[in-house]
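Chemist: Sharing a structure below in structure tokens format, with a few things to ask.
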Amino acid sequence: MEDAEEELARSIGTRVRTLRSERGLTLDQLAEMSGVSRAMISRIERAEASPTAVLLARLCSALGLSLSVFFDTAGDASEPLARRVDQPIWRDPESGYLRRTVAPAGTGARVDVVEVEFPPAAEVRFGSQPASRTQWQHVWLFEGEMELTVGERTYRLAAGDCLHMNVGEVHAFRNPTGKPARYAVVIDLGPR
């Protein structure tokens, strides 16, 4: 049986290639628009490399969509129940954060629900994400502590806190402690 991480890397590569082709972009054009090298995009598309959260966010922004829309590949209605064992997961190879898509795919809902496990002392910094400026999200912290930089302001969250923000204004997620953090991200995907 194929390893789940290899299967996900292949799925991500196929999705990037499909979205790039649908937009009529060459590897060179996507590289220029995203700031990700042509060679890296090619390796991602061939599932020879797993993109970091930052690289994937850059590619998504250049392709005109958010990470949640990128991972929501099911177009037709599916089961209304997403069992934990069937929920897609992705681990950022750089920071080690684990992203689990909790919401059932293909329901047509305007909301996406993601669970994140963020390792101790890990940090992810994003550049400008103009494609995400029309999307809003809540980050609801269940365990640990997190610091989020949104626009010019940094918020420190403790367990139970919930922060609402524009997706395009998020610049950094950071776990300032020696313990893992776990939180939900509830994203308003806007009209579909």
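The values are calculated or read from the model by the stated rules, or taken from the named source; none is laboratory data. As the structure is a computational prediction, the values presented were derived from the model and not from experiment. Don't worry about glycine lacking a Cβ; one is built from the backbone with ideal geometry, like all the others, and counts go over all protein chains shown.
Chemist: Return the residues of the range 81-112 that are surrounded by 14 or more Cβ atoms within 10 Å (Cβ to Cβ) and of a type in the set (Lys, Arg); say none if nothing qualifies.
Modeler: 91, 99, 100
Chemist: What's the total number of residues in the range 43-53 that are part of a helix (DSSP H, G or I) and surrounded by fewer than 17 Cβ atoms within 10 Å (Cβ to Cβ)?
Modeler: 1
Chemist: What is the residue count in the range 140-179 for residues that are in a loop (DSSP other than H, G, I, E, B) and surrounded by 17 or more Cβ atoms within 10 Å (Cβ to Cβ)?
Modeler: Residues in the range 140-179 being in a loop (DSSP other than H, G, I, E, B) and surrounded by 17 or more Cβ atoms within 10 Å (Cβ to Cβ): 2 in total.
Chemist: Please find, within the range 1-41, the residue that is modelled with the lowest pLDDT out of those that are over 27 Å from residue 85 (Cα atoms) and outside any helix (DSSP H, G or I).
Modeler: 35
Chemist: Can you tell me how many residues in the range 44-65 are under 13 Å from residue 11 (Cα atoms) and either over 17 Å from the mean Cα position of the chain (by Cα) or charged (D, E, K, R) (or both)?
Modeler: Final tally of qualifying residues: 4.
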